[in-house]
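The values are calculated or read from the model by the stated rules, or taken from the named source; none is laboratory data. Because the structure is a prediction, the values reported are computed rather than measured. So basically every Cβ, Gly included, is an ideal-geometry build from the backbone, and we count neighbours across all protein chains shown.
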Amino acid sequence: MVAPKLSDEDAAKIREGHILGKSLNSIARELGVNPSTVSRWAKKEGLLWTGVPAAADVVRERLAFNRMRLSEAALADALALRERMWSEHEVIVNTPAGPERMSQDLPDAKATADFAKAIERLAKSHAVMAEFTSTSSVDHSKSMLMQMQTALEKYAAEYEAEAAAENGSELPEVGDRDQTA
(Lines give C-alpha, C1' and ligand atoms only; values in the text may rest on other atoms or scores of the structure.)
Protein backbone atom coordinates (compact mmCIF):
# COMPACT_ATOMS: atom_id res chain seq x y z
CA MET A 1 0.00 0.00 0.00
CA VAL A 2 1.34 3.43 -0.95
CA ALA A 3 1.30 6.10 1.76
CA PRO A 4 -0.57 9.30 0.89
CA LYS A 5 1.57 12.23 -0.28
CA LEU A 6 2.11 15.00 2.22
CA SER A 7 0.38 18.19 1.09
CA ASP A 8 1.60 21.61 2.22
CA GLU A 9 -1.63 22.07 4.16
CA ASP A 10 -1.19 18.73 5.97
CA ALA A 11 2.45 19.55 6.77
CA ALA A 12 1.34 22.87 8.25
CA LYS A 13 -1.33 21.12 10.36
CA ILE A 14 1.25 18.62 11.63
CA ARG A 15 3.69 21.42 12.55
CA GLU A 16 0.93 23.43 14.24
CA GLY A 17 -0.29 20.38 16.16
CA HIS A 18 3.25 19.61 17.30
CA ILE A 19 3.79 23.19 18.48
CA LEU A 20 0.47 23.14 20.35
CA GLY A 21 1.55 19.92 22.06
CA LYS A 22 -1.07 17.70 20.47
CA SER A 23 -0.43 13.98 20.41
CA LEU A 24 0.48 12.22 17.21
CA ASN A 25 -2.77 10.22 17.41
CA SER A 26 -4.96 13.32 17.78
CA ILE A 27 -3.33 14.91 14.73
CA ALA A 28 -3.87 11.69 12.78
CA ARG A 29 -7.57 11.73 13.74
CA GLU A 30 -7.90 15.36 12.62
CA LEU A 31 -6.29 14.59 9.27
CA GLY A 32 -8.18 11.30 8.89
CA VAL A 33 -5.04 9.22 8.36
CA ASN A 34 -3.21 6.45 10.19
CA PRO A 35 -0.91 7.58 13.06
CA SER A 36 2.03 5.82 11.38
CA THR A 37 1.49 8.06 8.35
CA VAL A 38 1.62 11.17 10.53
CA SER A 39 4.75 9.79 12.20
CA ARG A 40 6.42 9.28 8.83
CA TRP A 41 5.42 12.77 7.67
CA ALA A 42 6.62 14.30 10.96
CA LYS A 43 10.02 12.62 10.62
CA LYS A 44 10.35 14.06 7.12
CA GLU A 45 9.54 17.47 8.59
CA GLY A 46 12.11 16.93 11.36
CA LEU A 47 9.52 16.69 14.15
CA LEU A 48 9.86 14.10 16.88
CA TRP A 49 7.38 13.17 19.58
CA THR A 50 9.17 12.59 22.85
CA GLY A 51 6.03 13.05 24.86
CA VAL A 52 3.82 16.07 24.49
CA PRO A 53 6.00 19.09 25.30
CA ALA A 54 3.33 21.75 25.74
CA ALA A 55 1.10 19.50 27.81
CA ALA A 56 4.06 18.32 29.88
CA ASP A 57 5.03 21.93 30.62
CA VAL A 58 1.47 22.74 31.70
CA VAL A 59 1.35 19.70 33.96
CA ARG A 60 4.81 20.50 35.37
CA GLU A 61 3.76 24.09 36.15
CA ARG A 62 0.49 22.96 37.74
CA LEU A 63 2.31 20.42 39.92
CA ALA A 64 4.90 23.01 40.97
CA PHE A 65 2.11 25.43 41.90
CA ASN A 66 0.28 22.74 43.88
CA ARG A 67 3.53 21.74 45.65
CA MET A 68 4.09 25.37 46.61
CA ARG A 69 0.53 25.68 47.96
CA LEU A 70 0.88 22.39 49.87
CA SER A 71 4.22 23.52 51.28
CA GLU A 72 2.71 26.79 52.49
CA ALA A 73 -0.28 24.93 53.96
CA ALA A 74 2.04 22.56 55.86
CA LEU A 75 3.90 25.52 57.33
CA ALA A 76 0.64 27.25 58.26
CA ASP A 77 -0.63 24.05 59.91
CA ALA A 78 2.64 23.70 61.86
CA LEU A 79 2.33 27.27 63.10
CA ALA A 80 -1.34 26.75 64.05
CA LEU A 81 -0.48 23.58 65.96
CA ARG A 82 2.34 25.35 67.77
CA GLU A 83 -0.01 28.13 68.79
CA ARG A 84 -2.63 25.63 69.91
CA MET A 85 -0.03 23.68 71.88
CA TRP A 86 0.70 26.71 74.09
CA SER A 87 -2.91 27.80 74.53
CA GLU A 88 -5.30 26.83 77.31
CA HIS A 89 -6.64 23.28 77.07
CA GLU A 90 -9.82 21.72 78.27
CA VAL A 91 -9.70 18.12 79.46
CA ILE A 92 -12.29 15.76 80.86
CA VAL A 93 -11.31 14.29 84.22
CA ASN A 94 -12.99 11.46 86.10
CA THR A 95 -14.00 12.52 89.59
CA PRO A 96 -16.04 10.73 92.28
CA ALA A 97 -18.97 12.92 91.21
CA GLY A 98 -18.53 11.84 87.58
CA PRO A 99 -16.72 13.28 84.54
CA GLU A 100 -15.90 16.98 84.76
CA ARG A 101 -14.37 19.47 82.35
CA MET A 102 -11.23 21.19 83.58
CA SER A 103 -9.10 23.89 82.04
CA GLN A 104 -5.32 23.60 82.01
CA ASP A 105 -2.82 26.29 81.14
CA LEU A 106 -0.68 23.80 79.20
CA PRO A 107 -1.37 20.37 77.72
CA ASP A 108 -0.22 17.24 79.49
CA ALA A 109 3.07 15.56 78.52
CA LYS A 110 1.49 13.11 76.06
CA ALA A 111 -0.43 15.85 74.23
CA THR A 112 2.71 18.00 74.14
CA ALA A 113 4.70 15.11 72.62
CA ASP A 114 1.96 14.48 70.03
CA PHE A 115 1.86 18.18 69.09
CA ALA A 116 5.65 18.27 68.81
CA LYS A 117 5.73 15.20 66.52
CA ALA A 118 3.01 16.63 64.28
CA ILE A 119 4.78 20.00 64.08
CA GLU A 120 8.09 18.28 63.26
CA ARG A 121 6.50 16.24 60.44
CA LEU A 122 4.80 19.31 58.98
CA ALA A 123 8.02 21.34 59.16
CA LYS A 124 9.97 18.56 57.41
CA SER A 125 7.28 18.30 54.73
CA HIS A 126 7.47 22.05 54.19
CA ALA A 127 11.27 21.96 53.94
CA VAL A 128 11.30 19.10 51.41
CA MET A 129 8.63 20.67 49.20
CA ALA A 130 10.21 24.12 49.42
CA GLU A 131 13.58 22.69 48.36
CA PHE A 132 11.99 20.84 45.44
CA THR A 133 10.10 23.95 44.34
CA SER A 134 13.17 26.18 44.61
CA THR A 135 15.14 24.12 42.07
CA SER A 136 12.41 24.48 39.48
CA SER A 137 12.13 28.21 40.20
CA VAL A 138 15.89 28.57 39.67
CA ASP A 139 15.51 27.04 36.21
CA HIS A 140 12.56 29.34 35.54
CA SER A 141 14.62 32.36 36.66
CA LYS A 142 17.51 31.38 34.36
CA SER A 143 15.08 31.04 31.46
CA MET A 144 13.54 34.42 32.24
CA LEU A 145 16.99 36.06 32.44
CA MET A 146 17.92 34.61 29.05
CA GLN A 147 14.72 36.02 27.56
CA MET A 148 15.48 39.42 29.07
CA GLN A 149 19.02 39.32 27.70
CA THR A 150 17.76 38.48 24.22
CA ALA A 151 15.18 41.30 24.39
CA LEU A 152 17.82 43.80 25.59
CA GLU A 153 20.23 42.79 22.83
CA LYS A 154 17.45 43.25 20.27
CA TYR A 155 16.55 46.64 21.75
CA ALA A 156 20.21 47.73 21.75
CA ALA A 157 20.59 46.73 18.09
CA GLU A 158 17.43 48.67 17.16
CA TYR A 159 18.62 51.69 19.15
CA GLU A 160 22.02 51.63 17.44
CA ALA A 161 20.35 51.33 14.04
CA GLU A 162 18.08 54.32 14.79
CA ALA A 163 21.00 56.37 16.08
CA ALA A 164 23.02 55.55 12.98
CA ALA A 165 20.07 56.47 10.73
CA GLU A 166 19.65 59.82 12.51
CA ASN A 167 23.36 60.59 12.18
CA GLY A 168 23.38 59.47 8.59
CA SER A 169 26.24 57.09 9.26
CA GLU A 170 26.59 53.38 9.14
CA LEU A 171 26.82 51.18 12.19
CA PRO A 172 30.36 50.85 13.50
CA GLU A 173 32.02 47.47 13.20
CA VAL A 174 31.99 45.25 16.26
CA GLY A 175 35.66 45.97 17.00
CA ASP A 176 35.07 49.73 16.62
CA ARG A 177 32.16 49.65 19.13
CA ASP A 178 34.33 47.98 21.74
CA GLN A 179 36.99 50.67 21.41
CA THR A 180 34.52 53.57 21.69
CA ALA A 181 32.68 52.17 24.75
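General remarks:
- Test for S26: is it of a type in the set (G, A, S), in contact (Cβ under 8 Å) with a residue 12 or more places away in the chain and surrounded by 12 or more Cβ atoms within 10 Å (Cβ to Cβ): no
- Condition check for K142: among the basic types (K, R), more than 30 Å from D10 (Cα to Cα) and at pLDDT 85 or above: no
- Total residues in segment 56-89, condition under 30 Å from K22 (Cα atoms) and either in contact with a strand residue (DSSP E or B) (Cβ under 9 Å, 6 or more places away or on another chain) or not in a helix (DSSP H, G or I) (or both): 0
- When segment 72-86 is filtered for residues that are closer than 15 Å to A113 by Cα and of a type outside the set (D, E), the ones remaining, listed by number, are A78, L81, R82, R84, M85, W86.
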